[in-house]
Amino acid sequence: MQTAERLQQARELLEPRALELVEPSTDRLDAEMSPDSLTAGVQALHDHRWGYLSTITGLDLGPDDGRLEVLYHFCSGGAIVTLRVKLPHEDPKVPTISKIIPSAVIFEQEIEEMLGIDVLDIPIKERLFLPDDWPDGVYPLRKDAQLEGDNE
Amino acid sequence: MTETEKFSIPIGPQHPALKEPEHFVFSVDGEMVTSASVRLGYAHRGIEKSTENRNWAQNLYLLERICGICSHTHALTYCLGVEKLAGVEIPPRANAIRTLVAEMERVHSHLLWLGVAAHEAGFDTLFMYSWRDRETIMDLLEQLTGNRVNYSANVLGGVKFDVDEELAGAILDGLDYLEKRTYHYLDVVTTDAAFLQRTRGVGVMSAERAERLGVVGPTARASSVARDVRIDAPYAGYDEYVPNLIGHTTGDLEARFEVRIKELFESYRLIREILATIPEGELTSRMPRRIKANEAFSRVEAPRGEVFYYLRSNGSDKPDRIKVRTPTLCNMASVLTLVIGQQLADIPMILVGVDPCFSCNDRMVAINRGGRSEEVWTWERLRQYGIDYYGGSH
């Protein structure tokens, strides 16, 4: 199957559930999702065996935007579909997708500890990467995190 | 049936069966594993965060050091991503050389893995021989780039090193030797009765399970999942130099051995093809220092599977965010489910079967907690130390 066909298929699956769909390049489809429609979107891709979850990226959009964003990247052949969920800086919450894709837990643990995003109903609440004595409430990948070495 | 108490065996972060720091807890019933969990991060260096304080060119050197085995892969994935962000096309000769180094790296990595895996199986003779032979490709990589690891072959917009006739000849001679040896290794891992007892039917992963767990690379291909970024989304020179997908259907450890060894032959073929048809021309294109706000993905087939980078620029000379996802993280989930129901003694083999790389996996952030920083050096202090050390009496 060609990349364009795969993207078209993903478009049909996500259209009813996404807030907005854009194709930033010929091999990409970005779907803006609300936290509530995220699992439905993931379920649709999963049920139609559309590719695999390549990873989950957590972003801090910076003080001007004031929001966090979580990107769920799915790859199928040369095509990349990204489900994008924007979240408020205060009390960000997303549902877990690990009930659909069990291997997502590891990526969800990462965005929890690195960006302080609360992943609701995540089966493992423990730390994955950060040390045991890491202080609570310090999320290193947030732009306002005070870390040594930043003054460079 | 009476309820039996669960017995947990912690393994790591330092343990003779592990070559790198990670921590597992296995619950066992007699010799059989009933559950498994993992704790990572012992080699976490906060590299993603660090990239936000360095400019595009500096980050190349940082990211290449994520992994000492597939360093070229990381540098390449980063360069491809940044070039995509900036809309820069690199010359065909540079693409061919990037592909050449990538395949030479795959040869060294697969041979390294063969040795480690043989060692875990208790077959140290195979370990010694495969590592001896691996020196052939290490020497060639050194001749080409000046380094055994962290080759630093890439620059943003191209490559640093060129291949001349003499070096091409040396590479071809080296490949002839390696190819002969690789046939021998294929023969050993598929016929040696004692070895097969450790691999055949052990750690079986069905295609359906491999799909569901999202495994990548040779681990996926050994379970008949046809997934290879070089073929699915060709980058660098792979649309010209197309690899054949090496798959296997049994999904056990033997299949993982066979797939990796057969991939070596494909790499030899690709390297020969590149050296025979390498286009003439420039090695670099011009790169801007600042990159307008944009985002890009970059995917490369590392020896262990797909490496995925997300890059975001904001108009300055530094990235806004770089996210790195390495293949071991994807494949780790498979280890945790594969070991269940297996013998405890098979754990090291199953783990090594995915060719795990933990420095890839983990990427330490030093944290400022007022006054308590004696054991943690600032970047400035480290830099000054370096200057004093090399500028002083040494």
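The values are calculated or read from the model by the stated rules, or taken from the named source; none is laboratory data. Since we're looking at a predicted model, the values are computed, not measured. With ideal geometry, Cβ positions are generated from the backbone for all residues, glycine too; neighbour counts draw on all protein chains shown. The protein model used for the area step is the full one, side chains on, heavy atoms only, and it has no ligands, DNA or RNA in it. Shrake-Rupley method; radii C 1.70, N 1.55, O 1.52, S 1.80 Å.
Assorted remarks:
- Segment A:98-128 versus segment B:252-275: alpha-carbon centroid distance in Å: 36
- Table column - 3J(HN,Hα) (Hz), segment B:327-335, Karplus curve with 6.51, -1.76, 1.60, x for Gly and Pro: x, 4, 4, 5, 7, 4, 4, 5, 4
- Label zone at residue B:284, where the point sits 7 Å out along the Cα-to-Cβ direction: segment B:120-160 residues whose backbone N lies under 20 Å: B:144-147, B:150-160
- Derived from the Cα gyration tensor, the three semi-axes of the equivalent ellipsoid of chain A are 29, 17, 14 Å, largest first.
- Our analysis of segment B:48-358 gives Rg over Rh at 0.98, with the two radii drawn from alpha carbon positions and Rh computed by the Kirkwood formula.
- Filter on A:86/B:49; B:84/B:160; A:93/B:6; A:99/B:262 - keep pairs with C-alpha separation over 31 Å: A:93/B:6; A:99/B:262
- The Cα center of segment A:1-63 and the Cα center of segment B:1-54 differ in position by 33 Å.
- Once the Kirkwood radius over Cα pairs is known for the protein assembly as shown, the Stokes-Einstein relation at 20 °C and 1.002 mPa s delivers a diffusion coefficient of 88 µm²/s.
- Residues in segment B:292-301 carry Karplus couplings, in order, of 4, 4, 6, 9, 8, 10, 9, 10, 9, 7 Hz; the curve used is 6.51 cos²θ - 1.76 cosθ + 1.60 with θ = phi - 60°, and Gly or Pro positions show x.
- For residue B:29, residues with placed amide H under 5 Å, excluding near neighbours: B:34
- Amide H to amide H, with H built 1.01 Å from N, residue B:202 comes under 5 Å of B:253, B:254, counting only residues 5 or more places away or on other chains.
- Heavy-atom accessible surface of chain B, averaged per residue, reaches 40 Å², computed with a 1.4 Å probe.
- For residue A:55, the residues whose modelled amide H falls within less than 5 Å of its own, excluding neighbours fewer than 5 places apart on the same chain, are A:73.
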